[in-house]
Amino acid sequence: MKRSLLKTLACISLFAGFTSCSPESAVDLTTDAGAIDPNATEPDRQGRSSLWDGEIGIDRDTLFEITADKGFLLADLQIVADKEGASELIALEIVKKEALNDSNDTGYMLVASDSGAFSVGVMLKRTQSGMFMVDDGFGNPNPVAVSCKGCSSGCNLQYLYIDGKKVPICNENGCGSDCKKSEVEID
């Protein structure tokens, strides 16, 4: 009796295995909507338009942690770097800055940099709960990335506090005319 029951269960399992693996139910990952294309040069932007609208990071007792998808943030900032002729971005962090013209004003930036003399950043605001979001103080629907390119010992991202707004600049710090600033809207 046990043998016939085991044989019956084995046959049912085999039959179920064959029917569940039929070609009709196969999924083609190269054409499936939302699938990752391994030949793509940049991440698919569809479906993540709110990435910059949400939480970028959080303040954990003065340790700033990036909570948004770092790969997508870096990919967007790399587009800016490519436009400026910079090399591959290798670092991404949230930094605390003091306004150059007002030591009482503190601001935050999401900054990416390469191994040389290029950095690109987006101004952030810190909520009362310690969450970092893009500072849309200028009313722009898309974040604006500010890049600084120059000598490696200077040309640093900083900001000025003007009429209640944080205005990103590139502080020459001895670079002189080698320090170049550009602004690119991330869309």
Separation between the V95 and T67 pseudo-spin-labels, each 7 Å from Cα along Cα→Cβ, expressed in nm?
-> 2.4
In this model, which of K83/K166; K83/K125; K97/K180; K97/K149; K70/K165; K70/K181 are farther than 22 Å apart at the alpha-carbon?
-> K83/K166; K83/K125; K70/K165; K70/K181
The orientation-averaged projected area of the Cα convex hull of segment 113-163, in nm², is 4.9
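No lab work stands behind these numbers, since they all come straight from the coordinates. Since we're looking at a predicted model, the values are computed, not measured. Virtual Cβ from ideal backbone geometry, glycine too; neighbours counted across all protein chains shown.
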